[in-house]
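Shown next, in structure tokens, is the structure this report addresses.
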Amino acid sequence: MADATTEPLLSPTIDTDGAPFWAYAAQGELRIQACANPACGELRFPPRPCCPHCQSFEAEWQRMSGRGRIWSYVRPHPPLLPAYAANAPYNAIIVELAEAPRIRLVGNLVTSPDAPLNSVEPDRLRIGAKVQVTFTDVDGIAMPRWLLERP
């Protein structure tokens, strides 16, 4: 069994439907899949081949501002996966996007893009706090993380 220093952090499984999300993230852009049917246009996440509103298979990727608010959060404590133990306790947040309140993304609130997962003091976590997306490379994947708009 690998120890915490050699075991990698969890990585997303990148499938055909979600690949554009990760390609845009690598460019520093937060984009969300939208129905390309002019009569619909609904945003959807996670990405999928068919619109759940109108059943269209046409899709496009709309650029978001990257702003949102903390909808919920948790601070995991042991037992944890070994790769995360050194950062405990850290936060995992759910962010509601400003342009799409029904779209929520999971990530971590950090003090800077490459800061450790435990870089934000626990008393700074507040439901409703405004956040802005940032991206950092984790094992070759641009992972979205979140910064407080007002540090």
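The values are calculated or read from the model by the stated rules, or taken from the named source; none is laboratory data. Predicted model, so just to flag it, every value in this text is computed and none were measured. Cβ coordinates were reconstructed from backbone atoms using ideal geometry, including for glycine residues, and neighbour counts include every protein chain displayed. Areas reflect the complete protein model, heavy atoms only, side chains present, ligands, DNA and RNA absent. Shrake-Rupley method; radii C 1.70, N 1.55, O 1.52, S 1.80 Å.
Using beta carbons and a limit of 6 Å, which pairs, at least six apart or on different chains, have the first residue in the stretch 1-28 and at pLDDT below 95 and the second one of a type outside the set (K, R) and loosely packed, with under 13 Cβ neighbours inside 10 Å?
P8/D139; S11/D139
Inside the stretch 92-108, can you point out the residues that are over 13 Å from L43 (Cα atoms), free of Cβ contacts under 8 Å to residues at least 40 places away in the same chain and hydrophobic (A, V, I, L, M, F, W, C)?
Answer for the stretch 92-108, where residues must be over 13 Å from L43 (Cα atoms), free of Cβ contacts under 8 Å to residues at least 40 places away in the same chain and hydrophobic (A, V, I, L, M, F, W, C): A92, I94, V106.
Determine, yes or no, whether E29 is part of a loop (DSSP other than H, G, I, E, B) and open to solvent by less than 40 Å² (accessible area, probe 1.4 Å).
When the stated conditions are applied, E29 passes them.
Among residues belonging to the stretch 42-85 that are touching a Leu at 6+ places or on another chain (Cβ under 9 Å) and more than 22 Å from F21 (Cα to Cα), point out the one that is least open to solvent (accessible area, probe 1.4 Å).
The residue in question is A83.
Just to be sure before I move on: is P89 in a loop (DSSP other than H, G, I, E, B) and farther than 18 Å from R75 by Cβ in the structure I sent?
no
Among the residues of the stretch 4-26, count how many are in a loop (DSSP other than H, G, I, E, B) and either surrounded by 16 or more Cβ atoms within 10 Å (Cβ to Cβ) or on the phi > 0 side of the Ramachandran plot (or both).
1
Take the residues of the stretch 56-115 that are touching an Asp or Glu at 6+ places or on another chain (Cβ under 7 Å) and among the aliphatic types (A, V, I, L, M): which is modelled with the lowest pLDDT?
A83
Only one of these conditions is not met by S72: (1) part of a loop (DSSP other than H, G, I, E, B); (2) within 22 Å of S11 (Cα to Cα); (3) not acidic (D, E). Which number is it?
(1)
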